[in-house]
Amino acid sequence: MTNSETIRHNDGRVELQPAALQSIQTSALYNDDLAPVPVARRNWTTYNYAALWISMAHCIPTYMLASGLISSGMNWWQALITILLGNVIVLGPILLNSHPGTKYGIPFPVFARAAYGTAGSNLPALMRAIVACGWFGIQAWIGGQAIHIFFGSVFPEWNQLLGGPVGGHTPTEWISFLIFWAMNIFIIYRGMDLLRKVENWAAPFVLVMTAILLAWILYQAGGVGFLLKEPGRFTTYGEFWKIFVPSLTAMVGFWATLSLNMPDFTRFGKSQREQAIGQTVALPTTMVVFAAMGILITSAAVVVFPNAKPDELWDPVKLVGQFSQPLVVVVSMFTIVVATLSVNIAANVVSPANDFANAFPKWISFRTGGLITGIIGIIIQPWRLLSDPSIYIFDWLVGYSGGLGSIAGVLIADYWIVRRKELNLGDLYRTRGVYSGWNWRAVAATLLGCFFAWIGLIIPSLRPLYDYAWFIGFGVAFIVHWALMKGLPEAKLELKV
């Protein structure tokens, strides 16, 4: 990086000189959505990042995490410790990959160009994007279910308004799903500033409303129910470990997506300190507190609704449907819609929108990328992923964590060890710069990480590797990328396009 091309501020943040910025604007790798954010526009504070994580963690899948672990045999405190440990672990790569976003003002796919090359960056970007599309669909289905119950509480004939089930669900359920889907797309079309405002007020609102629901149902139940007294089903350490390891991997996998693309948000940070404190304070605490709320509410609900099925108590959307008071249903469903909307856009639309734009910068904008995300989210059929807790935790979360862990290993090894946090900002946008083409070392490291993370699905004797999928993928990719970059430096074997 040359001094004539960049401005280095006293706090370590870097931006391009006006002439250098102008020189890259005609590049095929540049568009306004992927451009480095000027320091003057980096205005996100500690509160903004704390609010972002609080609003993202206050979602239905977080609420249901503990239920999945308890149904697999854990007791309540084992489930909460597993959730806490998983989130403390994943906080590490989140903070490490957040640093270049704040320093250089660049989004995730542009950051990936340094390790993978300007063309090769499409591999991690599109891998991340496909996972996000699946998550978008899951959250959109949950939000649609909340809207469906909301309308049903206001209009008693809503459920049967358009006839019987189609594809296992009533036409009004499909309509509710599409309404929530459209709400997400609308906010994306309004841009990141509206997203920041939504996150700021959604975070405290959802927390307060969930606390009110908790207090109300504990009052109705006369205290906590039987779940807090259940000892769990494990009689030996070995039995517990067989479930704990894949469960911990799933907890890491829950936010393995954001561990890659946090630069999409930290590029707007006022300082490294503000983004790091906001994330560190908010992520682990919120995940554990919200999961604990889910356990307490469900435990009390077992007493209040003794005839309800277990899945109707662990799923807050179905739980609220048990209430007979229309006002309680309306307020609760509105809270669920707000919670799901805020997490879905921040966690599952921003990244793939940027990722798809990175593949074709001159043809796909951030808005178009968001629309593509929404369409793929429908095609993935999220209602099937949510049909069984074991599919959700042990297939979906554990499975994709191996691939995303491999990408994280490459990015962290490349930025922190190989390049020592120094990037050529202008060349990240140039087709003939130092990052042009494919860096085959990063690709090889990623593929090897995925191979060892997933080989247990094919060879039963290697199943333990799959149970540790994120850790195996991360470790293998980290070591291989570092070794290849050191043994075969780019100056000797650089592939250009």
Members of region 238-267 that are buried (at least 22 other Cβ atoms within 10 Å of the Cβ), among the aromatic types (Phe, Trp, Tyr) and over 16 Å from GLY92 (Cα atoms): PHE265
Residue in region 137-146 that is closer than 17 Å to GLY370 by Cα, in contact with a Ser or Thr (Cβ under 7 Å, 6 or more places away or on another chain) and assigned to a helix (DSSP H, G or I) present: yes
Some residue of region 462-469 being part of a helix (DSSP H, G or I), modelled with pLDDT of 95 or more, out of contact with any Ser or Thr (no Cβ under 8 Å at 6 or more places or on another chain) and within 30 Å of VAL398 (Cβ to Cβ): no
Residues that are part of a loop (DSSP other than H, G, I, E, B) and in contact with a helix residue (DSSP H, G or I) (Cβ under 8 Å, 6 or more places away or on another chain), drawn from region 332-383: VAL349, ILE364, SER365, ILE380, GLN381
Selection count, region 161-203, where residues are surrounded by fewer than 12 Cβ atoms within 10 Å (Cβ to Cβ) and over 23 Å from the mean Cα position of the chain (by Cα): 6
All positions within region 3-51 that are of a type in the set (Ser, Thr, Tyr) and more than 17 Å from LYS421 (Cβ to Cβ): SER4, SER23, THR26, SER27, TYR30, THR45, THR46, TYR47, TYR49
Index of the failed condition, VAL37 passing every other in (1) part of a helix (DSSP H, G or I); (2) within 19 Å of LEU258 (Cβ to Cβ): (1)
Selected residue (criterion: nearest to PHE111 (Cα to Cα)) from residues of region 414-446 that are surrounded by 21 or more Cβ atoms within 10 Å (Cβ to Cβ) and among the polar types (S, T, N, Q): ASN439
Residue satisfying all of: in region 251-265; in a helix (DSSP H, G or I) and of a type in the set (A, V, I, L, M); nearest to the chain's Cα centre (by Cα) among these: LEU258
Region 246-269 residues that are at positive phi and at pLDDT below 90, paired with ones that are aromatic (Phe, Trp, Tyr) and buried (at least 24 other Cβ atoms within 10 Å of the Cβ) (beta carbon under 8 Å, 6 or more apart): none
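The values are calculated or read from the model by the stated rules, or taken from the named source; none is laboratory data. Since we're looking at a predicted model, the values are computed, not measured. Glycine gets a Cβ as well: all are built from the backbone with ideal geometry, and neighbour counts include every protein chain shown.
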